[in-house]
Amino acid sequence: MKFKARLWDKLDEGKVKCHVCANECTIMPGKVGICRTRKNFDGELFTLIYGSLISSGSLDPIEKKPLYNFWPGATAYSIASIGCSFRCQNCQNWSISQANPTDDGKNGFFDLEGYSDRGMSLVEMSAEKLVKKVIKSGAKTLAYTYNEPLIWHEWILDTAILLKREDIKIILVTNGFSTPEASKELIEVGIDAANIDIKAMSDAFYKEMCGVKSVQPVLDTAKRFKNSGIHVEITNLIIPNWNDSQEDIKKLCNWIVDNLGKNTPTHFSAYHPDFKVPSKKRTPYETLNMAYKIAKEAGLYFPYIGNIRHEEGSNTYCPNCNHLIFGRSGYTFTKIDITEDNKCPNCGYDLKNDIIGKTNKSTSQRFAFF
Ligand code: SF4
Ligand code: SF4
């Protein structure tokens, strides 16, 4: 729904400047920003997607976000809207990320070549109704996910205040393209965890693949979140011939070690061709295995491999004695061996800063839409 936006300035001739993400769009009257979801109405900026959801929500394993070291085994009530601050050529969620909302936020439509006849209805929901639904579902965490949540700023702030009162943990699955002002508001409202996509360490990659100017705002957001006490995990999708060299992966791992710390879980994910298909090849096992080894050599405690079977890369090991703490097959545990107070049962190493929250030992995971 249409809702007055936060974090913008009036410019001359009815233009406005938005500071919700690092695109910092200057928007002419009657036009939308790059994300397509913020529109200038007569010199005032509005979001069109406040409380506009693609469904009432779905129940996902938290590992699907992916978050492996945060309330392991929890269910994440997952919600999304439409739009994104990026234009990734490989987007696997392009049908929502590249859609436009109508001015009343009730529908989504495409203006991409070849997609003009596609559309969707959006579910309108109040913050109070969402919280009631989350409580009823029994989920203890809520994830803003699938499209880019940072452009959902006002809705996240308003819902997060209510969710915090119910002790629901709040998760962002994000491209990290935030501004200092927007990050500050998210930190203050109490975001608990974030999976941040660092797609590559080069501006050239971000320009060519994602259509934005630089990786730097992403790195700054990751540092800001981590320094403020938000639990941060990193995802890196490895695309053949784009960001799959030893140098690319070493640079990323070294940056994480130096700036976020060795205990930052880092997920290397296998690419498969999608949307505008920047590479026709899937990521081979050997490349992901190389990434796993480079991450270990760089000193990362918790490298993980996703979207492909890799036994070690699915599991969590004690960084002190290499004892198997969590064995996983897909999103299901094959083994859980951690003390009630998050210590390694083999060597007594204290994992409380590495694995946040209690482990849900039930392995039944649900994937229901409702
Ligand atoms: S959220 Fe980002 S992309 Fe959208 S209008 Fe604001 S600055 Fe532009
Ligand atoms: S940032 Fe994520 S959701 Fe947005 S276009 Fe890129 S891959 Fe898609």
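Taken across the range 21-32, residues that are open to solvent by less than 30 Å² (accessible area, probe 1.4 Å), closer than 20 Å to residue 146 by Cα and either away from ligand 2 (no atom under 16 Å from the Cβ) or outside the structural domain of residue 275 (by TED's automatic domain parsing) (or both) do occur, with at least one present. Considering the range 238-346, the qualifying helices (runs of 4 or more DSSP H), each wholly inside and each with 2 or more residues that are of a type in the set (Val, Ile, Thr) and open to solvent by less than 40 Å² (accessible area, probe 1.4 Å), run over 246-259, 285-298.
Against the condition more than 19 Å from residue 75 (Cα to Cα) and either hydroxyl-bearing (Ser, Thr, Tyr) or not in a loop (DSSP other than H, G, I, E, B) (or both), how does residue 135 come out, does it pass? Explain how you work it out, then say what you get.
Values: more than 19 Å from residue 75 (Cα to Cα): no; either hydroxyl-bearing (Ser, Thr, Tyr) or not in a loop (DSSP other than H, G, I, E, B) (or both): yes.
For residue 135, the condition - more than 19 Å from residue 75 (Cα to Cα) and either hydroxyl-bearing (Ser, Thr, Tyr) or not in a loop (DSSP other than H, G, I, E, B) (or both) - is not met.
If you go through the range 93-132, how many residues are part of a loop (DSSP other than H, G, I, E, B) and modelled with pLDDT of 90 or more?
So in the range 93-132, the residues part of a loop (DSSP other than H, G, I, E, B) come out as 93, 98-99, 102-106, 110-118, 122, 125-126.
Now narrow it down to the ones that are modelled with pLDDT of 90 or more: 93, 98-99, 102-106, 122, 125-126.
Count: 11.
Of the residues that make up the range 1-16, is at least one in contact with a helix residue (DSSP H, G or I) (Cβ under 8 Å, 6 or more places away or on another chain), within 16 Å of ligand 2 (Cβ to nearest atom) and at pLDDT 95 or above? Within the range 1-16, not a single residue is in contact with a helix residue (DSSP H, G or I) (Cβ under 8 Å, 6 or more places away or on another chain), within 16 Å of ligand 2 (Cβ to nearest atom) and at pLDDT 95 or above. Give the residue that is farthest from residue 139 (Cα to Cα), with candidates limited to residues of the range 33-61 that are open to solvent by 30 Å² or more (accessible area, probe 1.4 Å) and within 16 Å of ligand 2 (Cβ to nearest atom). So the residue we want is 34.
Of everything listed in (1) part of a loop (DSSP other than H, G, I, E, B); (2) in contact with a Lys or Arg (Cβ under 6 Å, 6 or more places away or on another chain); (3) open to solvent by 30 Å² or more (accessible area, probe 1.4 Å); (4) within 16 Å of ligand 1 (Cβ to nearest atom), the single unmet condition for residue 89 is (4).
The values are calculated or read from the model by the stated rules, or taken from the named source; none is laboratory data. This structure is a prediction, so every number in the text was calculated from the model and none was measured. All Cβ positions, even for glycine, are placed from backbone atoms using ideal geometry, and neighbour counts span all protein chains on display. For the accessible areas, the whole protein counts, side chains as well, though only heavy atoms, and no ligand, DNA or RNA atoms are used. Shrake-Rupley method; radii C 1.70, N 1.55, O 1.52, S 1.80 Å.
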